[in-house]
Structures are given as C-alpha cells and as structure tokens.
1. Any residue in segment 69-89 that is in contact with a helix residue (DSSP H, G or I) (Cβ under 8 Å, 6 or more places away or on another chain), closer than 30 Å to Glu23 by Cβ, surrounded by 10 or more Cβ atoms within 10 Å (Cβ to Cβ) and modelled with pLDDT of 65 or more?
2. Do you know which residues across segment 2-22 are within 15 Å of Thr73 (Cα to Cα) and not in a helix (DSSP H, G or I)?
3. Quick one: which residue in Ala56, Ala42 is closer than 17 Å to Leu7 by Cα, surrounded by 11 or more Cβ atoms within 10 Å (Cβ to Cβ) and modelled with pLDDT of 90 or more?
4. Is it the case that some residue within segment 16-25 is at pLDDT below 75, out of contact with any helix residue (DSSP H, G or I) (no Cβ under 7 Å at 6 or more places or on another chain) and of a type outside the set (S, T, N, Q)?
Amino acid sequence: MIPEERLLWSAIIAQAVKDARGEGGTATGALPWPGYDAKAEALEWIFGTATGFELACDFAEANPDLVRRIVLTPPFRTPRPAAGGWSARKAKEAEQQVAQIPLAA
C-alpha cells in the first residue's frame, strides 16, 4: 500500500475514535442528516461484529485492539488555571491600564 493510502485510513480511524469518544465535533442531528448520531455509528463500527474496522486498521497498519483501548480510555483534561492566578491578575492590570487612557475628544 502506498503511504498516502495508509495516511487516509489512519485519518478515517482517528475521526472514528474522536466520534466514539464524543470529541469529533459532530453533534447528534448534524451532518450528514438530521438524527444522525456520529458517536453511535463510530462505536458500532469499532466494536461491532462487521470486519470493516479491522480491515481499515490493517490498511492503516494499526493494532485494532489498541485503538479500541484508546476509545475506552478516559480523555486527558488539562487543569484550568485558578480564577485568581497570574494570568487573571495580568488581564485585570491590562484592563485597568486601558481604562486610564484618555479618550480623544
């Protein structure tokens, strides 16, 4: 298989993983038609009995069991900065400085 085809199959699998984890940006009722549930479709494709997913993994040279494990792993969330943290103080200081600038008459 040529590298471009491998990349295409890898992208298809990556999108399915995002959809299955609810991170794909495709909400229920969005494309391709109203009532379409991308998450349910992706989960069915990845964990269903059809062989299409494993064939796609074969084309992408990916381990289907590892991909399934990735789908089941909780997403990593980066901690948000505290509301009174350094960036919040700097933003407040900048707002105060802007407020002190005299307006042209």
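1. Yes, some residue in segment 69-89 is in contact with a helix residue (DSSP H, G or I) (Cβ under 8 Å, 6 or more places away or on another chain), closer than 30 Å to Glu23 by Cβ, surrounded by 10 or more Cβ atoms within 10 Å (Cβ to Cβ) and modelled with pLDDT of 65 or more.
2. Looking only at segment 2-22, we keep the residues that are within 15 Å of Thr73 (Cα to Cα), and these are 14, 16-22.
Passing the criteria: Arg21, Gly22.
3. Among Ala56, Ala42, only Ala56 is closer than 17 Å to Leu7 by Cα, surrounded by 11 or more Cβ atoms within 10 Å (Cβ to Cβ) and modelled with pLDDT of 90 or more.
4. In the first step, residues of segment 16-25 are kept if they are at pLDDT below 75; the result is 24-25.
Remaining after also requiring out of contact with any helix residue (DSSP H, G or I) (no Cβ under 7 Å at 6 or more places or on another chain): 25.
With the extra rule that they be of a type outside the set (S, T, N, Q), the set shrinks to 25.
Within segment 16-25 (the criterion being at pLDDT below 75, out of contact with any helix residue (DSSP H, G or I) (no Cβ under 7 Å at 6 or more places or on another chain) and of a type outside the set (S, T, N, Q)), the answer is yes, since at least one residue qualifies.
The values are calculated or read from the model by the stated rules, or taken from the named source; none is laboratory data. From a predicted model like this one, the values you see are computed outputs, not experimental measurements. Positions of Cβ are backbone-derived with ideal geometry, glycine not excepted, and every protein chain shown enters the neighbour counts.
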